[in-house]
């Protein structure tokens, strides 16, 4: 299925050109406690101004939905054209998230405990997992299939897979698909409790890595069956249910997800020009993923993790990182450049070597196929193969 346009907002920027330029330049985002969240836990937050929701949709007003609206505004002409072309009943909407507007719920509960009443502006729909989808349905006045996927860190990658199914089943003619996640105390404290947060910064695949850094952001695609320069060519997805939070150590199911994406697309590992690794910089995930990638692709396929630049955007990560691959394949990247893998350059001797892109070797002779990995809690694995048509 074809990916016609992209809206993206993350720590790298709030437009396609800005995000791509910052990523290709190798920008690492600083992890600091977000002032607006009033927390001591470092995270990578978005500092750009975000749009506000219309007065008649204030029941959905939360940071998560403002991120979504910022992404939607970038593809508004393409969306309006699709509505005109196909009709409102033939436009679907699929979103992935893991936090929704939980930060607003946390603030409301704090107010309730302190003052004995909830804030006047608080509405439970702000923090419902399905609230973001409801908001965009009302905002766009569309009537096709619409729902939310929440599978932690693979949520929006699964949303892209589900959007493709809707189109294949002819349940709609176009789907607005992606995801968003905003920072909140629940996530930051949860990852801290798991011992999964870094004390020094996101340093994927390094012998010095000590955890991930949480980020926030949103990305939205317009997907249809009609031809466009870039397409979602293959999807590999499975759930190994190995552990509630730890990945299967041998990487066998992550390997299967990548292999199935290639098989479905009718492509081989040798044809993949770049892999956007899940690369969280946690001890277990990086070990598992490096084994899976090395087994399938060897040590020469260019690859890297974007999380030192964006932070780990949780439920939005799949869509944001698929969006980064889309940008690499787009006309915006006319020089066929690859982003450097951002780390301290000290490989873990316990892990097999991979083809990490370096600052001095970023020119690609061919850039036609990119693979994006999303591996989440519960062993929910998704790999997306995106390519030029």
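Coordinate-derived values only; no laboratory data. None of these values were measured; they are calculated from a predicted model. Cβ sites come from the backbone with ideal geometry, for glycine too, and all protein chains shown count toward neighbours.
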Residues listed by number, region 293-325, amide nitrogen under 15 Å from residue 28 label point at 7 Å toward C-beta: 305-312
Using a Förster distance of 41 Å, the FRET efficiency for residue 47-residue 225 (Cβ separation, nearest 0.05): 0.60
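Any chance you could run the full-extension gain for residue 21 through residue 269? It's 0.36 nm times the residue separation minus the Cα-Cα distance, nm to one decimal.
Details: separation 248, 0.36 × 248 = 89.28 nm, distance 2.74 nm.
Difference between extended and current length: 86.5 nm.
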Region 239-389, relative contact order [Cα under 8 Å, separation at least 6], %: 38
Theoretical ellipticity at 222 nm over the chain - DSSP helices of four or more residues, -39500 (n - 2.57) apiece, nearest 500: -10000 deg cm²/dmol
Most mobile listed residue (20, 183, 57) in the chain, GNM with C-alpha springs under 10 Å: 57
Point-to-point label distance, residue 118-residue 242, nm (Cα→Cβ direction, 7 Å offset): 4.1
Between region 1-24 and region 229-283, the alpha-carbon center distance in angstrom: 22
Contact order normalised by residue count of region 2-388, Cα under 8 Å, 6+ apart, percent: 23
Region 18-150: relative contact order as a whole-number percent, Cα under 8 Å and 6+ apart: 26
For Rg and Dmax of the Cα atoms in Å, calculated from these coordinates, the label among (1) 19.0, 55; (2) 19.6, 64; (3) 22.6, 83: (2)
Global geometry of region 125-173, whether rounded, prolate or oblate, following the gyration tensor of its Cα atoms and the 1.5 cut on a/c: oblate
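Decide, for region 1-66, between rounded, prolate and oblate: order the square roots of the alpha carbon gyration tensor eigenvalues as a ≥ b ≥ c, take rounded if a/c falls under 1.5, and otherwise choose prolate if a/b is larger than b/c, else oblate. Before the final figure, lay out the partial values.
On the way: a/c = 2.57, a/b = 1.06, b/c = 2.43.
Oblate shape, in that a/c is at least 1.5 and b/c is the bigger or equal ratio.
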Theoretical FRET efficiency, 1/(1+(r/R0)^6), r = Cβ-Cβ of residue 344 and residue 192, R0 25 Å, to 0.05: 0.65
Fewest-first sequence of 344, 210, 5, 49 by Cβ atoms within 10 Å of each Cβ: 49, 344, 210, 5
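Please compute the length gained on full extension between residue 335 and residue 84, using 0.36 nm multiplied by the number of residues separating them and subtracting their Cα-Cα distance. Before the final figure, lay out the partial values.
Numbers: separation 251, 0.36 × 251 = 90.36 nm, distance 3.49 nm.
My answer for the length gained is 86.9 nm.
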